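What follows is a short report on a single structure.
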Amino acid sequence: MNEDKELKKLHTPVKGMHCAACSTRIERVVGGMEGVSSASVNLANESMDVSWDPSRLQFEDIADRVKQLGFEMEPPPDASKLELAISGMHCAACSSRIERVVGGMEGVSSASVNLATSTGQFDIDPSVISVEAILSRIKELGFSAEDAQNEQNMFERQQAEARENIRTMRRRLIPAMIFAAALLVVSMGPMIGLTLPAWLAPETSPATFALVQLCLTLPVVWAGRMFYVLGLPALWRKNPNMDSLIAVGTGAALVYSLWSLSGVLFSATPAAYAHDLYFESAAVLIALVSLGKFFEARAKLRTSDAIRGLMHLAPDTALRLKDGEREEISLAAVQVGDLLLVRPGERVPVDAEVTEGRSSVDESMLTGEPLPVTKTVGDTVTGGTLNANGSLTIRASRVGRDTVLAQIIRMVQQAQGSKAPIASLADQVSYYFVPAVMAAAVAAGVVWLAAGAEFSFALRILISVMVIACPCAMGLATPTSIMVATGRGAELGVLFKSAQALQAAQSVQTIVFDKTGTLTVGKPTVVEIRVLGAGVSEEELLRLAASAEALSEHPLGAAVVEAAKDRGLSLEDASNFEAAPGLGLRAEARGRAVLAGSEVWMRQNGVSGVDAAEAAAAEMAGAGRSVIHVAMDGELAGLIAMADPIREESAEVIRDLHAFGVQVVLLTGDEERTARAVAEAVGVDRVKARVAPDKKAEEIRKLREEGRITAMVGDGVNDAPALAEADLGVAMGSGTHVAMESGDVVLMRSDLRALVTALKLSRATLRNVKQNLGWAFGYNILGIPVAAGLLIPFGGPALSPMIAGGAMAASSVSVVSNALRLKLFKP
């Protein structure tokens, strides 16, 4: 396939999957279609990510192929069909006005507004009019609207469908369990010491005994009819799944029992046939498997608790200040620039800047930081955080899909839908698993028949092998753990962008830290100015250096500018500015040629006096300070020393990393002496200094060439190439948009302890996955031979089909329940 073609990508729900055989077959078949670049199916959240070349096939082609396999893909939203949730309508005049005004807009071919449901349906031409234009027009009419097909609404719809499915399962399960229990008493009562009345006993009333069992079995079969409705067609299409195993296994028991029933009714020895009924095996199997599926569905629903909790952080309404009045509006109606009032105890509705007031804001639900953060005029606040004790007036800066909270939710959803490499073995096995189990079941039955066993015994062996096999456990082993872990990570302020990143974090051998803003606080301040020459005073040196640095984006330059402002110095307009990344800058200010930067930059430009200042610069750097050399007209004028405090937790975190067996490297553009002073203070193993920003990726590549799995930790601002080059990029940024766009893992708070949390959570998750896979594979590897009667020749027991079915039901539930333990993870 031509990789230069622009691919179309889609994340869509897939309905009808019940086990790993289903998800694996869809993935293989769709992934093998001509024009499809990739397909990844997630059984746990019942979704598929697919990329394809739209010039070679359309979504409908993929959907048709999936439908042929017996499943259903949810189509993507039609861009020409717009559905809006509209609030603020009170009467027919409101709805009619929206309908008439929006319907008259260019690019809108039809408009239909329903007052009862507070929704609007619009046919539009996306090339002529945008959704934002329609939303803006509705707002001008005095109403608010939002896209009813956004991610949150889709998620809530899927959750509602899942809850309704659980209610349906419960309604069917209760009578199934009651009838199955009654059937078990009737059929097995004499074996456990219960005496049946004469009119029901098989010896005295075999026909009644058999017909009562049939009557008790039929409601159970009806309650579990989906096993047959889904399993038999899948078998017919040569795509057997777990439902097929249950349908064939219980179906065989039913057919054999009906044949025995005919013997009871029409043969000369009805009592003999009455003891050869297997109605209870079929009914109890259906009831137990249904019970397991019910518990499994409930547990799977809980794996989305984290996303549900994040979605509920944002309030439904906001209090807008307009023309001196307070107006309560829906969250969807908030626009960038709106002034909003947040009272004590209320949640911040959107990302915004504080314009008035002072308060403590609890950001723990987004960053994991337990202590409230004081916010005052000029500070930013994040939507979904909790205002504690003061009123804040804020100006909305990001709304809707652009807020940090919305981005977090999207990242968690994407991570939960992705597939970890460790799942590949289970996927490969599950593809062949069901056909292999069916073949093994038939082979086991035939072998026992050939060995002289009775047909009824061989049938029990066949049924036991069919129903004990559990492809579900294999399919759920990895994705359920990933879903719970990524959700728990988000609660702790650690965002894993994919399952691959979550798995990679546990195997990291080397972690590379940037210095400024990572091992240090990232807020350098000027602590010393030393004048050396060029006929300038200390104030003049600082003024001209700050004038040049004002055009730079480097944090050290910003510190110089801040120091000049603190002293009340007015800055000059600099011209002919030129920056050399990792070295320094040049500019002209007040008629003088100004150079500011490293010692290397000075020497490259032939500045005089550098050798004489070497001892002073070494003294400053030896104290862990960053040194800026400032030259005027080719002569070194002075040195400016910066102090960037080391984070209080840096040394502790590096000790923890050493305890994990991880090598720690410091990578910085600072002078060697400064870098080594910081490294010695916190316990770093290796130092790579004087590395320009554009060379950091190259240094990461060299470390990887040493054969070590390498992670890079930076702030995401000037580290993007290095983060991308590393096996694992970790961005620190207190939840800033820049940081969230960079790296594979995002630490939502500026605390390096979150890095240790990420590594510990990754290791806990991989342990959990391995436990799940070990149980899933071990259960099938041990259970199937026992069900086939392997222990019988050695004096061991034969496995009852009912016990086999119960074990199968328990296996899936145990895997999901084990995954849910990750909700209790504490760093």
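The values are calculated or read from the model by the stated rules, or taken from the named source; none is laboratory data. Bear in mind the structure is a predicted one, so any value in this text is a computation, not a measurement. Positions of Cβ are backbone-derived with ideal geometry, glycine not excepted, and every protein chain shown enters the neighbour counts. Heads up: the accessible areas ignore ligands, DNA and RNA and are worked out on the full protein's heavy atoms, side chains in. Shrake-Rupley method; radii C 1.70, N 1.55, O 1.52, S 1.80 Å.
Couple of notes before you dig in:
- C-alpha long axis of helix 424-450 to longest principal axis of the chain, angle in °: 10 degrees
- Peptides 791-797, 258-264, 53-59 ordered by average Cβ neighbours within 10 Å, highest first: 258-264, 53-59, 791-797
- Here's the list of lysines a cross-link from Lys9 could span, going by alpha-carbon distance under 27 Å and ignoring same-chain residues fewer than 8 apart: Lys67, Lys81, Lys300, Lys419, Lys497.
- Sites Arg767 and Leu57 - FRET efficiency at Förster radius 41 Å, r taken between beta-carbons, to 0.05: 0.50
- Rounded, prolate or oblate (a/c below 1.5 giving rounded, otherwise prolate when a/b exceeds b/c) for segment 43-184 by Cα gyration tensor: oblate
- On the chain, 55 percent of the accessible area sits on carbon and sulfur atoms, based on a 1.4 Å probe.
- Calculated on C-alpha atoms, the gyration radius of segment 736-816 divided by its Kirkwood radius gives an Rg/Rh of 1.33.
- For segment 340-355, Karplus couplings with θ = phi - 60° (6.51, -1.76, 1.60), whole Hz, Gly/Pro x: 10, 10, 10, 8, x, x, 9, 8, 5, x, 9, 5, 7, 10, 6, 10
- Global size of segment 235-331: 28.4, 97 Å for Rg and Dmax (C-alpha atoms, Rg to one decimal, Dmax whole).
- Amide H contacts under 5 Å for Gln663: Thr510, Ile511, restricted to partners 5 or more places along the chain or on a different chain, H placed in the peptide plane at 1.01 Å from N.
- Shown in residue order for segment 471-481 are the 3J(HN,Hα) couplings computed by the Karplus curve 6.51 cos²θ - 1.76 cosθ + 1.60 at θ = phi - 60°: x, 4, 4, 5, x, 8, 4, 8, x, 5, 5 Hz (x for Gly and Pro).
- Near Tyr278, the amide H atoms lying under 5 Å from its own belong to Ser257; only residues 5 or more places off or on other chains count, and H is placed 1.01 Å from N.
- Extending 7 Å from Cα along the Cβ direction at Lys8 and again at Thr376 yields two label points whose distance is 5.5 nm.
- Taking Cα centre as origin and charging only the Cβ of basic (Lys, Arg, +1) and acidic (Asp, Glu, -1) residues, the dipole magnitude of segment 683-827 rounds to 500 debye.
- Reachable lysines from Lys375, criterion Cα separation under 21 angstrom, eight or more residues apart if same chain: Lys523
- Rounded to the nearest 10 Å², the accessible area of Cys91 at probe 1.4 Å: 60 Å²
- In the list (1) 1.22; (2) 1.73; (3) 1.16, the label attached to Cα Rg over 2.2 N^0.38 Å as derived from the coordinates here is (1).
- Spatial offset of segment 175-227 relative to segment 796-827 amounts to 28 Å, using the alpha carbon center of each.
- Translational D in µm²/s for segment 469-568 (Stokes-Einstein at 4 °C, 1.567 mPa s, Kirkwood Rh from C-alpha pairs): 70 µm²/s
- Placing unit charges on each Cβ (+1 for Lys and Arg, -1 for Asp and Glu) gives segment 609-725 a dipole about its Cα centre, and among Val610, Gly634, Ser650 the Cα reaching farthest toward its positive end belongs to Ser650.
- Centre-to-centre separation between the Cα atoms of segment 586-652 and those of segment 91-168: 60 Å.
- Whole-percent pair-distance distribution, where bins are 5 Å wide, for the alpha carbons of segment 179-279: 3, 14, 20, 20, 16, 12, 8, 5, 2, 0
- The Rg/Rh ratio for segment 16-68, using Cα coordinates for both the radius of gyration and the Kirkwood hydrodynamic radius, is 0.95.
- Shape call, segment 75-127: gyration tensor on alpha carbons, a/c limit 1.5: oblate
- Cβ crowding within 10 Å averaged over residues, with 540-549, 568-577, 394-403 ranked highest first: 540-549, 394-403, 568-577
- Heavy-atom accessible area per residue - the chain, 1.4 Å, Å²: 43 Å²
- Counting only protein heavy atoms and using a 1.4 Å probe, the accessible area of Tyr779 comes to about 20 Å².
- For the chain, the relative contact order works out to 12 percent when only alpha carbon pairs closer than 8 Å and six or more residues apart are counted.
- Here segment 603-649 was treated as a single set of alpha-carbon atoms; its pair distances binned every 5 Å from 0 give 5, 21, 27, 19, 13, 7, 4, 3, 1 percent.
- For Ser144, the residues 5 or more places off, or on other chains, whose built amide H falls under 5 Å of its own are Ser87.
- For the chain, taking a cut-off of 4.7 Å between Cβ atoms, the unpaired cysteines are Cys22, Cys91, Cys94, Cys215, Cys470.
- Computed 3J(HN,Hα) for segment 557-565, one whole-Hz value per residue from the Karplus formula 6.51 cos²θ - 1.76 cosθ + 1.60 where θ = phi - 60°, is x, 4, 5, 5, 4, 5, 5, 5, 5, glycine and proline marked x.
- DSSP bridge orientation in the chain - percent antiparallel, rounded to nearest 5: 80 percent
- Positive-end extreme of charge dipole, segment 689-827 - chosen from Pro801, Val746, Gln771 (charges on Cβ): Pro801
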